[in-house]
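The structure appears right after this line, and notes come after that.
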Amino acid sequence: MGVGIDTVELDRIERAMKRWPRFLDRILTPREKDRVGGRVDRVAARWAAKEALFKALDPPSRGLHMGWRDVEVMSTSSGRPFFVLKGRVGRYVRARNLRLHLSLSHDRGRAVALVLAQGRPRSRTGRGLGL
């Protein structure tokens, strides 16, 4: 199990968006860009979510390189956020049978994300279940 948390000031993200025209292209997928509509609070929440996931998985100690666009933060119709994982990070999470929980919030000039990476036992003939 791993836990990651990240917080970022909205002003910091807003400055980056103004200073570097390709900032959003580097950190967001095309679907994410469509969903956030350029809103700083939503961009910041996705930044924080990806940073929190990076911390929860602890990839440097495991030799995993995570690209910003290998991780997509989407939400259900009711607004519950979830990850769509691609490339190496997707294979890494699937190989370890991890379940990811994500919580996002933004208020008073900050965005925060919390990620819980929870291992699930494999169900092949009871192995991994302590049976």
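The values are calculated or read from the model by the stated rules, or taken from the named source; none is laboratory data. What you see is a predicted model; the values in this text were computed from it and never measured. Here the Cβ is made from the backbone with ideal geometry for all residues, glycine too, and neighbour counts use every protein chain on show.
Among HIS65, HIS106, which is the only one that is at pLDDT below 95, more than 13 Å from ILE5 (Cα to Cα) and either in contact with a strand residue (DSSP E or B) (Cβ under 9 Å, 6 or more places away or on another chain) or surrounded by 13 or more Cβ atoms within 10 Å (Cβ to Cβ) (or both)?
Values: HIS65 fails: either in contact with a strand residue (DSSP E or B) (Cβ under 9 Å, 6 or more places away or on another chain) or surrounded by 13 or more Cβ atoms within 10 Å (Cβ to Cβ) (or both).
Result of the check over HIS65, HIS106: HIS106.
Exactly one of these conditions fails for GLU72: (1) of a type outside the set (A, V, I, L, M, F, W, C); (2) closer than 26 Å to ARG120 by Cβ; (3) in a loop (DSSP other than H, G, I, E, B). Give me its number.
Single failed check for GLU72: (3).
Among the residues of segment 20-34, write down those that are crowded, with 17+ Cβ neighbours inside 10 Å and either part of a helix (DSSP H, G or I) or at pLDDT below 95 (or both). Step through it out loud before you land on a result.
Applying the first criterion (crowded, with 17+ Cβ neighbours inside 10 Å) to segment 20-34 yields 24, 27-29, 32.
Within segment 20-34, LEU24, ILE27, GLU32 meet the criteria.
Given the criteria surrounded by 14 or more Cβ atoms within 10 Å (Cβ to Cβ), of a type in the set (Gly, Ala, Ser), under 20 Å from SER103 (Cα atoms) and without any contact (Cβ under 8 Å) to a residue 60 or more places away in the chain, does GLY79 qualify?
Details: surrounded by 14 or more Cβ atoms within 10 Å (Cβ to Cβ): no; of a type in the set (Gly, Ala, Ser): yes; under 20 Å from SER103 (Cα atoms): yes; without any contact (Cβ under 8 Å) to a residue 60 or more places away in the chain: yes.
No: the conditions fail for GLY79.
Criterion first (at pLDDT below 95 and among the acidic types (Asp, Glu)) does ASP41 satisfy it? Even if it seems obvious, please write down each step before you answer.
On the way: at pLDDT below 95: no; among the acidic types (Asp, Glu): yes.
Judged against the criteria, ASP41 is not a match.
How do the pairs read when you match residues in segment 92-110 that are closer than 17 Å to GLU72 by Cβ and hydroxyl-bearing (Ser, Thr, Tyr) with residues anywhere that are surrounded by fewer than 17 Cβ atoms within 10 Å (Cβ to Cβ) and at pLDDT below 90, using Cβ under 6 Å and keeping only pairs 6 or more apart or on different chains?
Pairs that qualify, where the first residue is closer than 17 Å to GLU72 by Cβ and hydroxyl-bearing (Ser, Thr, Tyr) and the partner is surrounded by fewer than 17 Cβ atoms within 10 Å (Cβ to Cβ) and at pLDDT below 90, are TYR92/LEU64.
Of (1) out of contact with any Phe, Trp or Tyr (no Cβ under 7 Å at 6 or more places or on another chain); (2) assigned to a strand (DSSP E or B), LEU100 satisfies all except one. Which?
(1)
Which condition number does LYS55 fail, the rest of (1) modelled with pLDDT of 95 or more; (2) surrounded by 14 or more Cβ atoms within 10 Å (Cβ to Cβ); (3) closer than 24 Å to ILE13 by Cα being met?
So LYS55 meets the others, but not (1).
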